[in-house]
Every structure is written in structure tokens, then in C-alpha cells.
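Each remark here refers to the structure printed beneath this line.
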Amino acid sequence: MILGNDFGNYFYMTDQKETRYQGFFYADGKNYKDKLEVYKVIDKINFLNEGELAEIKNNFYEVEKIYKNGLSEKYFLPNGYNSLCLKTSKKAEAEIVLDVRLPYDSRSMGRFYEIEIEKDCAVIKFVKRRDQGEDGLGDKKEFSLYLAIKTDRGKYEKIGEFFSKYYQMDHERNSYPYDRFVYKALKIEFEKAVFSVSKTKNEAVEEAKKVFANFEKLNKKEEIDIRKKLKALEITDEEIKIANLCAQNSIRTMMVENNGKNGAYAGLPWFFQFWHRDEAVSLLQIYKINKDLAKEIILVQLGLIANEGQILKNRFYKLEQNELQSADALGWLANRIIKIDKEYKLPEDFKMEIIAGFERAALNLIQKRTEGELAASYKNETWMDSLGREKHCLEVQACRYNIYDLLHKFTGNDQYKIIKDDLKNKIIEKFYQDDTLKDCVNDDTIRPNVFITAYLMPNLLNKESWEKCFDKILPKLYLDWGGISSIDITSDKFIPKDTGENSASYHNGNSWYWINNLTALVLYKLNAHKYSSCINGIMEAGTNEILYMGIAGHHSEESSAEKQISSNCQAQLWSAAMYLEVFEEMIK
């Protein structure tokens, strides 16, 4: 289960197979580095009298674990605080296991904990220092954090021991290291507890006291807020209705507003960054939940356009030469802005800011990233970033078309219409052959980028031609369980089983849930009756994955091709967003 709040803090609980990405994570937005810094703090709250688990309830604002011995645990993260709240149904004992670090930092040396038992709470100070033997650098402090723990019973017993822990989930997905020394700090006895984190001791302690004093009030506020934000579909299918609520909540969980470091995480538990492509794809759903955040994302992305006219992949990269860029993020952003404006009518002054940003980008793109009227991209700049796709990729052309289309619609300047029409004709000339579309000008490998193109640029072909195209490629991409392979299943490059953290299968077999949902939407709009079997198969698989696989209530990143699983990032922003978009179209 995953809980998150508006500051970007999150709590990830695993059932049996553990991972070093589990636990309570603190997002620091009050630093001077102009970026959100995420730290892992708690590895696990290890109850000593849990017994056998009977049930888990995801109430969206809180998660409840119920055991056969009568014990229940309720967790929630109040918005506006850096605190984890926990309440049990009866007196319980638990060991607090810590692993304070930057999430991707696997170094084991230079970690120092100090435990103080004070009158009202327990305080653990952590200091990370460089280690000469491990880092090859002189001794220097890197950072410090404080964890304050306040309980109703006030019983804290120091333990203060490092011990080695094995992470089975990481081993199975080839994510090294599989084991790590973590710190068993203390044992607590309680029915109600608050865990608060800060860069200073006083802030941690004062927040723990404040949250504890307002525990029930904050819990009720979260319940009221979530009921206001989530909207149930007016349908009779209860599974689909619940899955839609789960997808909305999943997106809400990944939306962050923390001292000006605002955006949406690409996924949890390990993609806690603001990736521009993922945000852009998901922007329609973000807008429905928080219009102000969506507008800020638009302006922030337009403000981060590099000299060549493209957006950098990650929000906090610097605008420097050779930084990894995204060849398609700006096109997705344009597409989303067009759709948002059509449905909600954006203010004219806001549209003027949008026009300024896109005109600046278009000028640079035409001058620096255009060859023979086609959009040009470099390696690792498309969403299939584990491959060497470069130069003239199909879906990148559709993204470029959306940039020109936005400028034509928003300015009325016919010059942009001429440019976009020329691009459309050039795409047909260079990509369309034998009733289908090539993946790149010099690569006719069958991949699902055809569906992305059909989504972004449905006017590229007429209805009859699209159907002929899909009739040729669907048998090569559709998987029996209801997925879409990332490559022709008859190709010698096809890898049927997910390779975990090794990226070999990512775009050479793995089925991506956001692509599955997008494909179902494209097929539905084109000919719902003809492609009903594929559409139903995809949406049934997606609903099943959200409700019964992976992290309950969230949509994973990928699956193996050979068999449906929840693989790689277990709660993925754009997977949930595209799932919602399909059903919104279906119930119009």
C-alpha cells in the first residue's frame, strides 16, 4: 500500500516481499538547492504481536491493516505536515527500524544515529558523513535529519543496533544491493503514535506534538478532503467504478506542492521526480483535480525549454549542454493544452503566456531540430529511452505537429497551418508504406508508437486507412491477456519475460499500461464495435491490475508480455491517467 500527501511525503508498505524502497519518505522543499530533496527515513515499523494478516483496507485518506488476532493498524499522512500517523485498535509493541539516506544511495559507511528519550517524545538524530574508505574523499558532513516520535503511552526502549536485512523483491527484479545493514533504533509501546521529520530538532519535536494533539481532527479533515476531490463514475459496474476512484486517488497521491517545488511524481516508490513527458501525458487528469497546479506545470515546463526548443527530461536538471532532453514532452504538452482549452476555456492572458513559450520553442525547433521538414531527435530522447531510436521517429513527428497545431489555433496565423500541413504530407511520404506506418524513417519494426501517433494525430490517415493499418499490426502486438507488446512478438528482438531493473525487455517485449490504455482509447474512437474484443481485453486487464495486483489501488508501469504481472514502478502516474481517460470517453 502507498499513502502520500501534498508535500510529497509518502509511506510504502509491502506485504511479504520487502524492498529497500519501502518505508516512510520525507520530501524536503525548504532547502536552498531549488529542488525537492527526498530522503528515506523509516524502513519498517515492525510490530511484535501482529499475527496473521486478514485484510487490508485502502480508504484513500488512510490505510487499515486488520489481523486475525483482532489487532488493526490505521496509517495516514496529514497534508501540510512531514508526519506519519499511526493508530492501533489495542495496545501494541513495535520496533522502529530506520535507514536514513537518499533513496538511491546504497553506501553503508558514515551513518551515525543518536537516540534521546525526552519527557514528551523520543528523538533520533541522524548524520551522514563521507567515508574515506568508501568515497575516496575526506571526512565531511553531507546532511543531518531528526525524527521525533510521540506516543500516547510514552514508553520508549532504546535498542540502537545495526543488523543485516534481505530484500527479496529487489533480488527478484535484479535491483542491487539485495541486502543492507539497517538500524533498529528503539521499541515503543502505544495505541497512537506520530513520527515527524525535519532538518532541525525543534521543528521535528514541535510538529510531532502538534500533530499528536490534533490527531483525530487531522484524520477527519483528510477524509472530508478526499471525498471532495474524487468523483465516482455514474455506472453500474462496481469494479470499474472503484478502479476509477483508485486511479484518481493514485494521481492525487503523486501531486506535490511543497514550498514552490510543485509538480507530479512520475511514479512511486522510486520515480519521485517530476518528469516532463509523464506530467504532460497526465495533465488532463491533474487539471481535473487541481487546476492551479496544472497551470503551474504548464508555465514551469515552458520556462524550461532548452536552446534547441525541447524540454529537459527532468524538472531539476540544469539548462546546460548535453543534458538529457525529451523529444516528445512539448508535443504532449501542446496536445493537453488544446484539449483543456476546448473543455474549460483557458483565460486569454494565460493563453498569451502559452503562445510566447511555444513560439520561442517552435523557432528553435525549426532551426535546430528539423531535417527535411521532419522533426529530428537524438538517442534516448523518446519515451522508448532504453533503445537507440534517433533521427526521425514516428510519434515525435506527431508531437511536433501538435506544437504547430496549438500555435495555429491560438494565434490564427496561417503560417503555422502551412507548416503543419507540410509536416503531415512529409510524414505520409516518408513513413506510410504497405498500409502501415514505419517506426522510424529507416526502421519498419512494428511497435505501438503507431497508436500514439493515431492518438495525437488522428487526421494523419482516414478511417479506412487507419483500420487497414491496425488490422496489420494488432496481431503482431496484442497479447492474449489483454496487453500490447512494445515490439512485434514475432521479432527476434522480442523478450517475453520482464528483465527487472535490467532494461533489456523494457521496450522489446514489456507491455506498458499507459500504452495499453491509450491503444484501447484509439481503437474505441475509431471503431468500437470492430475492435471490441481488444478494447474489452485491455480494460479488463487494467482494472484487474489496479484492484488485485501490484500495490492495491494503483496502476503499475509495465508487465511481462508472456503473462500479466505488475512490474517495475508499482504506481505510475501516466498509467492511471490514461486509464481514466478511456472511461471518460466511453461514458460521454
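Going through the stretch 48-68 one residue at a time, which ones are assigned to a loop (DSSP other than H, G, I, E, B) and either in contact with a helix residue (DSSP H, G or I) (Cβ under 6 Å, 6 or more places away or on another chain) or surrounded by 11 or more Cβ atoms within 10 Å (Cβ to Cβ) (or both)?
Listed by number, the residues that qualify are Asn49, Glu50, Gly51, Asn59, Phe60, Tyr61, Glu62, Lys68.
If you scan the stretch 164-176, which residues turn out to be part of a loop (DSSP other than H, G, I, E, B) and over 17 Å from Leu102 (Cα atoms)?
Tyr167, Arg173, Asn174
Checking the structure you have, find out if any residue of the stretch 227-234 is buried (at least 22 other Cβ atoms within 10 Å of the Cβ) and under 30 Å from Asn536 (Cβ atoms).
Checked the stretch 227-234: no residue is buried (at least 22 other Cβ atoms within 10 Å of the Cβ) and under 30 Å from Asn536 (Cβ atoms).
Going by the conditions given, is Ala243 in contact with a helix residue (DSSP H, G or I) (Cβ under 7 Å, 6 or more places away or on another chain), surrounded by fewer than 18 Cβ atoms within 10 Å (Cβ to Cβ) and farther than 30 Å from Lys35 by Cα?
no
What are the pairs with Cβ atoms under 9 angstrom where one residue, in the stretch 70-88, is assigned by TED's automatic domain parsing to the domain that holds Asp152 and within 15 Å of Ile188 (Cβ to Cβ) and the other, located anywhere, is in a loop (DSSP other than H, G, I, E, B) and basic (Lys, Arg)? Sequence gap at least six, or different chains.
From residues that are assigned by TED's automatic domain parsing to the domain that holds Asp152 and within 15 Å of Ile188 (Cβ to Cβ), there are no pairs.
Restricting the first residue to the stretch 512-537 and requiring it to be closer than 17 Å to Trp481 by Cα and outside the structural domain of Ser566 (by TED's automatic domain parsing), which pairs with a second residue that is of a type in the set (Asp, Glu) and in a helix (DSSP H, G or I) meet a Cβ separation below 6 Å and a spacing of at least six or different chains?
Within 6 Å, no pair qualifies.
Has the stretch 349-356 got any residue that is modelled with pLDDT of 95 or more and either in contact with a Leu (Cβ under 6 Å, 6 or more places away or on another chain) or buried (at least 20 other Cβ atoms within 10 Å of the Cβ) (or both)?
Among the residues of the stretch 349-356, at least one is modelled with pLDDT of 95 or more and either in contact with a Leu (Cβ under 6 Å, 6 or more places away or on another chain) or buried (at least 20 other Cβ atoms within 10 Å of the Cβ) (or both), which makes the answer yes.
State all residues of the stretch 177-190 that are under 32 Å from the mean Cα position of the chain (by Cα) and either part of a strand (DSSP E or B) or touching a residue at least 24 places away in the same chain (Cβ under 8 Å) (or both); if no residue qualifies, say none.
Within the stretch 177-190, Pro177, Asp179, Arg180, Phe181, Val182, Tyr183, Lys184, Ala185 qualify.
Give the residue that is nearest to the chain's Cα centre (by Cα), with candidates limited to residues of the stretch 296-310 that are modelled with pLDDT of 95 or more and either surrounded by 20 or more Cβ atoms within 10 Å (Cβ to Cβ) or outside any helix (DSSP H, G or I) (or both).
This residue is Ile297.
Could you tell me whether any residue of the stretch 558-566 is touching a residue at least 24 places away in the same chain (Cβ under 8 Å), assigned to a loop (DSSP other than H, G, I, E, B), closer than 18 Å to Lys17 by Cα and not hydroxyl-bearing (Ser, Thr, Tyr)?
Looking for residues that are touching a residue at least 24 places away in the same chain (Cβ under 8 Å), assigned to a loop (DSSP other than H, G, I, E, B), closer than 18 Å to Lys17 by Cα and not hydroxyl-bearing (Ser, Thr, Tyr), one finds at least one in the stretch 558-566, hence yes.
Looking at (1) loosely packed, with under 15 Cβ neighbours inside 10 Å; (2) more than 30 Å from Asp225 (Cβ to Cβ), which one does Tyr113 not meet, given that it meets all the others?
Single failed check for Tyr113: (1).
Can you find a residue that is at pLDDT 95 or above and of a type in the set (Phe, Trp, Tyr) anywhere in the stretch 372-379?
The answer is no, given that none of the residues of the stretch 372-379 is at pLDDT 95 or above and of a type in the set (Phe, Trp, Tyr).
Of the residues Ile403, Ile340, Ile366, which single one is free of Cβ contacts under 8 Å to residues at least 60 places away in the same chain and surrounded by 17 or more Cβ atoms within 10 Å (Cβ to Cβ)?
Ile340 is the lone residue from the list that is free of Cβ contacts under 8 Å to residues at least 60 places away in the same chain and surrounded by 17 or more Cβ atoms within 10 Å (Cβ to Cβ).
The values are calculated or read from the model by the stated rules, or taken from the named source; none is laboratory data. Nothing here was measured: the structure is a model prediction, and the numbers come from that model. FYI the Cβ positions are ideal-geometry reconstructions off the backbone, even for glycines, and counts take in every protein chain you see.
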